[in-house]
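Written out below as structure tokens is the structure these notes cover.
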Amino acid sequence: MTAPLIEVRSLHRYFGSPARPVRAVDDVSFTIQPGETLGLVGESGSGKSTIGRTLLRLIESTSGQVLYRGEDLGAASSSRMRTLRSKLQMIFQDPYASLNPKMRVNEILGEALQVHGLARGRDARERRIAELLELVGLRPEHASRYPHEFSGGQRQRIGVARALAVEPEFIVADEPLSALDVSIQAQVVNLLCDLRDRLSLTMLFISHDLDVVEYLCDRVVVLYLGRVMEVGPTAALFAQPLHPYSQALLAASPKPDPEHKSEYAPLKGDMPSPVNPPSGCVFRTRCPHAIEACATARPELRDMGQGRFKACIRDDITPAAALST
Ligand SMILES: Nc1ncnc2c1ncn2[C@@H]1O[C@H](COP(=O)(O)OP(=O)(O)O)[C@@H](O)[C@H]1O
Ligand code: SF4
Ligand SMILES: [Mg+2]
């Protein structure tokens, strides 16, 4: 196997006071291979955005490491980090909030280029901006417009163009579709898909839309209460989720085909507070398969073969067994 582009090792991010920590991310490890799109799914509040931000060092970790091509980002100096910034970019959920309303598109993109010393000189900059707009399906004349003159979908294209301006290798896309009308989400998905392939981008794709994750991602990490419940190749995980939480999450996702009803019971109740996570398996208070032993030890992620991992002590929960509960 080739060396991973991104390696996350035992990442922790706690908020609040040390006496009463909010365990937003609690011992998370995974890798992303070059060119791979890794999906990160889980209910709201499970720690997805915190992981995304910590990965790019937009916020600091409490402990653990993030390695980019083997280099520990947490140990990088601020000048080294400035250099690395161009390799590591973020596409935000709300393109409007992340674009300066007082700047024209050419200024927004020009600024991104200038910060990293790319496309120096007026002609080169204008050429590059036109190229970027074309890349995301906008027209050169859009360069002189302000963000409010665009539709939501077009604004997200500008957000994508800004991220791509610096020729990144790795992109964190944090719910990039959730602020968009359903009718234009597919266009933006197709754009991301196309760009990823053309530019050989590596991506962490954060979403609660499981259909999009299934379409876009090579592998998936399932997160619950700041911990990884399951990791696996997308097709296998969606066809046969191994962890009870993945099973419940997939059951809750509406399927376009009503004939194809899920065999799993959907989730009940709310996620507990990360201030006070359950002992042992954090999912046990909502797990239909919980047994006494689940309260004592914290399940490690176990290798189930074929690139699949689950953090659950029970091995008798096959899809058929799940049917009978
Ligand atoms: N700056 C912060 N201060 C305190 N708690 C935070 C902060 N950011 C996130 N959290 C908490 O961390 C947990 C994970 O949040 P987040 O990473 O945003 O989850 P997700 O993106 O999966 O919805 C939540 O309980 C949230 O309230
Ligand atoms: S360890 Fe126990 S509580 Fe946790 S998912 Fe497995 S069966 Fe459910
Ligand atoms: Mg989030």
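Here are a few things to note about the model shown:
- Residue check for L132: over 20 Å from G52 (Cβ atoms), of a type in the set (A, V, I, L, M, F, W, C) and touching a residue at least 12 places away in the same chain (Cβ under 8 Å): yes
- Look at the range 81-99: where a residue is touching a residue at least 12 places away in the same chain (Cβ under 8 Å) and a partner is among the polar types (S, T, N, Q) and part of a loop (DSSP other than H, G, I, E, B), sitting 6+ places away or on another chain with Cβ atoms under 7 Å, you get Q93/S178.
- Residue ID - nearest to ligand 2 (Cβ to nearest atom), chosen from residues in the range 12-49 that are more than 22 Å from G232 (Cβ to Cβ) and part of a strand (DSSP E or B): R23
- With respect to the conditions (1) in a strand (DSSP E or B); (2) within 19 Å of V213 (Cβ to Cβ), G52 falls short on a single one, namely (1).
- Annotation for the range 4-14: at least one member residue is surrounded by fewer than 17 Cβ atoms within 10 Å (Cβ to Cβ) and at pLDDT 95 or above.
- Within the option set R286, R227, R219, being under 23 Å from R9 (Cβ atoms) and surrounded by fewer than 24 Cβ atoms within 10 Å (Cβ to Cβ) holds for one residue only, R219.
- Those residues of the range 276-300 which are under 23 Å from the mean Cα position of the chain (by Cα) and within 16 Å of ligand 1 (Cβ to nearest atom), in sequence order: P277, V282, F283
- Note on the range 77-96: residues that are more than 16 Å from ligand 3 (Cβ to nearest atom) and either more than 10 Å from R162 (Cβ to Cβ) or surrounded by fewer than 17 Cβ atoms within 10 Å (Cβ to Cβ) (or both) total 13.
For (1) in a loop (DSSP other than H, G, I, E, B); (2) touching a helix residue (DSSP H, G or I) at 6+ places or on another chain (Cβ under 6 Å), each residue gets a yes or a no:
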| site | (1), (2) |
| --- | --- |
| A119 | yes, yes |
| R127 | no, no |
| A143 | no, yes |
| Q156 | no, yes |
| P176 | yes, no |
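- Within the range 97-111, the set of residues being aliphatic (A, V, I, L, M) and crowded, with 18+ Cβ neighbours inside 10 Å comprises L99, V105, I108, L109.
- Selection from the range 193-206 of residues that are modelled with pLDDT under 95 and either over 17 Å from L5 (Cβ atoms) or among the polar types (S, T, N, Q) (or both): C193, D194, R198, S200
- Across the range 199-246, the number of residues qualifying as within 16 Å of ligand 2 (Cβ to nearest atom) and assigned to a loop (DSSP other than H, G, I, E, B) comes to 6.
- The residue list L249, L267 contains one member that is outside any loop (DSSP other than H, G, I, E, B), at pLDDT below 95 and more than 11 Å from ligand 2 (Cβ to nearest atom), which is L249.
- Search result, residues across the range 28-63 that are of a type in the set (G, A, S), closer than 25 Å to C217 by Cα and within 15 Å of ligand 1 (Cβ to nearest atom): G39, G42, S44, G45, S46, G47, S49, G52
The values are calculated or read from the model by the stated rules, or taken from the named source; none is laboratory data. Computed from a predicted model, the values in this text were never measured in an experiment. Cβ atoms come from the backbone with ideal geometry, glycine included; neighbour counts cover every protein chain shown.
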